[in-house]
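What follows is a short report on a single structure.
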Amino acid sequence: VPALSSSLSFESNELRTVSSLTSDTIIGPALSHIDILHLNEEELVHLTGCVIENTDASQLDDEFAIASAVSLFLMCGVAIVAVTRGKRGCFISCNDEERFAKTVMLPMSWVDCTTKLDAVELPPGTTINTKGAGDAFISGLLVAALLRHTGLTVPVHD
């Protein structure tokens, strides 16, 4: 099988442009058809060229870099972009009403919403197996979207 050629690997300290993403031979044609795009930080950096340092001193700069990179995907027509950040939580941003109207299963209450959620702190010494963490995250996001769309509620038991 021949290898696919693409400009996905972006080695620069400059953020890619909407034009460079939409003209990419691999992901460009698909972007406006993606309802939920889930990336981890490494993937976001790789696809957009944003710089994330992940230090305490760079926290605000990192959040700005992530928001800027995510906005590129929204401008390309992706409906929802979710970036998982490991122990730093996640960042989720949603497109406008026009884009949400193209996919009837997206919850309209999420239109133009952006949120940053911190990770849950566990007791010191807790052993964590992160295998499948991204799958579990996106599964939860999908269930939340479906519940919001349908208006159903799930009782929470303490």
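Close contacts from segment 110-129, counting a first residue that is farther than 30 Å from residue 74 by Cα and of a type outside the set (Lys, Arg) and a second that is modelled with pLDDT under 90 and open to solvent by 100 Å² or more (accessible area, probe 1.4 Å), with Cβ to Cβ under 8 Å and a gap of 6+ residues or different chains, come to 122/128. In segment 44-80, the residue that is farthest from the chain's Cα centre (by Cα) out of those that are at positive phi and open to solvent by less than 50 Å² (accessible area, probe 1.4 Å) is 49. Residues that are in a helix (DSSP H, G or I) and in contact with a Cys (Cβ under 9 Å, 6 or more places away or on another chain) do not occur anywhere in segment 47-60. The criterion of being under 30 Å from residue 131 (Cβ atoms), surrounded by 15 or more Cβ atoms within 10 Å (Cβ to Cβ) and touching a residue at least 24 places away in the same chain (Cβ under 8 Å) holds for residue 84. Within segment 20-43, the set of residues being outside any helix (DSSP H, G or I) and surrounded by 13 or more Cβ atoms within 10 Å (Cβ to Cβ) comprises 24, 27, 34, 35, 36, 37, 38, 39, 40.
Determine whether residue 106 is outside any loop (DSSP other than H, G, I, E, B) and either open to solvent by less than 80 Å² (accessible area, probe 1.4 Å) or at positive phi (or both). No; evaluated as a whole, the condition is false for this residue.
Among the residues of segment 61-72, are any at pLDDT 95 or above, touching a Cys at 6+ places or on another chain (Cβ under 9 Å), assigned to a helix (DSSP H, G or I) and of a type in the set (S, T, N, Q)? The answer is yes, given that some residue of segment 61-72 is at pLDDT 95 or above, touching a Cys at 6+ places or on another chain (Cβ under 9 Å), assigned to a helix (DSSP H, G or I) and of a type in the set (S, T, N, Q). Of the residues making up segment 128-158, just one is at pLDDT 90 or above, loosely packed, with under 10 Cβ neighbours inside 10 Å and at negative phi, namely 131.
The values are calculated or read from the model by the stated rules, or taken from the named source; none is laboratory data. Predicted model only: the values in this text are computed from it and were never measured. Cβ atoms come from the backbone with ideal geometry, glycine included; neighbour counts cover every protein chain shown. Accessible surface areas use protein heavy atoms only, side chains included; no ligands, DNA or RNA. Shrake-Rupley method; radii C 1.70, N 1.55, O 1.52, S 1.80 Å.
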